[in-house]
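The values are calculated or read from the model by the stated rules, or taken from the named source; none is laboratory data. Bear in mind the structure is a predicted one, so any value in this text is a computation, not a measurement. In this analysis, Cβ positions are derived from the backbone assuming ideal geometry, glycine residues included, and neighbour counts consider all displayed protein chains. Quick note on the areas: whole protein, heavy atoms, side chains included, nothing else; ligands and nucleic acids left out. Shrake-Rupley method; radii C 1.70, N 1.55, O 1.52, S 1.80 Å.
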Amino acid sequence: MGRTYIVEETVGQYLSNINLEGKAFVSGLLIGQCSSQKDYVILATRTPPKKEQSENLKHPKAKLDNLDEEWATEHAYQVSRMLPGGLLVLGVFIITTLELANDFQNALRRLMFAVEKSINRKRLWNFTEEEVSERVTLHICASTKKIFCRTYDIHDPKSSARPADWKYQSGLSSSWLSLECTVHINIHIPLSATSVSYTLEKNTKNGLTRWAKEIENGVYLINGQVKDEDCDLLEGQKKSSRGNTQATSHSFDVRVLTQLLLNSDHRYTATVQICSGSVNLKGAVKCRAYIHSSKPKVKDAVQAVKRDILNTVADRCEILFEDLLLNEIPEKKDSEKEFHILPHRVFVPLPGSTVMLCDYKFDDEPAEEIRDHFMEMLDHTIQIEDLKIAEEINTACMSSSMNSQASLDNTDDEQPKQPIKTTMLLKIQQNIGVIAAFTVAVLAAGISFHYFSD
C-alpha cells in the first residue's frame, strides 16, 4: 500500500487557480513534513518562469523536454533556505494541458531526483535510516482535472513509481507545535596554509561540519526537562472532554547543552598546523522548528530543532559569501582583520497556520526586497508589517591588527571601538593579500544567486 498525503485545502485551491496562460505546462514544489504514518503538505509554490522560457512554452506543441531542470532545481534550493526546522520540499508537481502518457511521468521523475540532489548538496546533516525516503510527484491535467499522485524512493535512483493517496483537509497546520531556542555560538575555524587551493567557503564548510557534530551530540531540554526520545511530546498535557490531548501552548522552549568535558575513556592528540588565517563565527542564533500535533515524538521534535540550527548557520555564511562576491567588497589593505555582519533571520506567518516561514535580511536591505523575494520564491504575498526580525540588537566591535605573522585568531573579547548593530559576526583574520587570493578562488568556483532574478 502506498503512502498517504494529507494536504491543506488551500494548497488545492492554489493549484486549481494556476493559469497556464497558453503554456503547455507549469511546474512547482510541494512543501510539508514527513512522518512515519503519513506525510503532510501545507504549501505549494510554482517555479517562477524565465522570460525566454515563457515565450517558448506558449507554443501549443511544446513538450516537457523543454522543462528547465537547472532553473527549477535552483528555485528549490533557494526555497529550502526559507523553510524552518521540520519542513522539507516533499516533491514536485506539474500541471499540463496535454495527456502525455509516460512522458510527463519521466520528466517528473527526473525533476524530483534533481531537486533532491540540489537541496542536499550543502547540508551539514544526513537523513537517518529510519526516516521516510519517499518523495512525491503530482501530475494534474488542467483539462480533465485528473490527479496522478506517485512516489519514488530517493535512495534508489532506479526505483519505480508507487501510487499514493492525495487527501485534502481544512486547517491542517492550524494547531501545529512550534519549538524555539536561542543558540550562542563561537566557532573558530583555522585556515590551513597547506590547503590554499580551497576556497574560503569550502574551508568554512569543513569547519562547520566539525561544529555540527557538537550540535548533533548535544543534550536538548524541552521546557527545562530532558525527555525520553520515544516519548510523546505532548505527554503530560491536559486532555479535553473528548479524550484528545490538548497542548496548553503551541510553543515549546528548547535549550541546547553541548559537551564540554572530554571523555576520559578516549585518548586525544593535539595537531600542530601551519595556518594562513582563521574564521570566527560569533553571536546568537534564533531557531524555530515545527511539528504536526498528531502524537508527535520527542525524537522528531529534537531532530527538527537540530537541523534548523545547522541549516540557519550554514545558510547565513553562504549568503554572506554570495553578497561579498556580488558587491565586490574590496580588501582592506591596512588591516589583516575583516569583520562582516551575517544577515538577520526574518520570520513571516503563513496564513491560517501556526507555521512561520523565514528569510534573511542584511541591515541595509529594505523590507520591500524581502517582500518581493517571498513573492518570487513562494508565490506568496506578505505584508511588510508581518515581518518579524528574530534576533535582538547586540553590539560588536571592529578592530584591526598589523601582525604580519600567520597565527590563529584570539577569541578573547576586545574593547569596542566602533559599536555596530549585529547578532552574528563573521571575523576573518589572515595575512595581508590572502583575502584577495581566496576571493579569486571563490569567484572561480562559481556561486548561486541570493535573489532568483539576479
Any hit, segment 406-428, residues being in contact with a strand residue (DSSP E or B) (Cβ under 6 Å, 6 or more places away or on another chain), polar (S, T, N, Q), assigned to a strand (DSSP E or B) and at pLDDT 50 or above: no
Within segment 344-374, considering residues that are open to solvent by 60 Å² or more (accessible area, probe 1.4 Å) and out of contact with any Pro (no Cβ under 9 Å at 6 or more places or on another chain), the one farthest from I291 (Cα to Cα): D364
Test: residue in segment 110-124 that is of a type in the set (D, E), modelled with pLDDT of 90 or more and not in a helix (DSSP H, G or I): no
Matching residues, segment 20-34, being outside any strand (DSSP E or B) and either crowded, with 17+ Cβ neighbours inside 10 Å or polar (S, T, N, Q) (or both): K23, A24
Strands (runs of 3 or more DSSP E) contained in segment 142-212 and holding at least 2 residues open to solvent by 50 Å² or more (accessible area, probe 1.4 Å) and either farther than 30 Å from F25 by Cβ or among the acidic types (D, E) (or both): 177-192
Scope segment 35-74; condition modelled with pLDDT under 95 and part of a strand (DSSP E or B); matching residues: none
Pair list, Cβ < 6 Å and 6+ apart or interchain, from segment 304-318 residues that are in contact (Cβ under 8 Å) with a residue 40 or more places away in the chain to residues that are in a helix (DSSP H, G or I) and not β-branched (V, I, T): L310/A212; A314/L208
Breaking point among (1) assigned to a loop (DSSP other than H, G, I, E, B); (2) crowded, with 16+ Cβ neighbours inside 10 Å, for M377: (1)
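From the list S353, S399, pick out the single residue that is of a type in the set (G, A, S) and at pLDDT 90 or above.
S353 is the lone residue from the list that is of a type in the set (G, A, S) and at pLDDT 90 or above.
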Residue list for segment 135-161, restricted to those being among the charged types (D, E, K, R) and within 17 Å of V115 (Cα to Cα): R135, R150, D153, D156, K158
Single residue of segment 203-230 satisfying the filter (basic (K, R) and in contact (Cβ under 8 Å) with a residue 60 or more places away in the chain) that is farthest from L342 (Cα to Cα): K227
Selected residue (criterion: farthest from G236 (Cα to Cα)) from residues of segment 288-323 that are in a strand (DSSP E or B) and open to solvent by 10 Å² or more (accessible area, probe 1.4 Å): R288
Considering residues of segment 17-36 that are in contact (Cβ under 8 Å) with a residue 40 or more places away in the chain and polar (S, T, N, Q) only, the residue nearest to F113 (Cα to Cα): S27
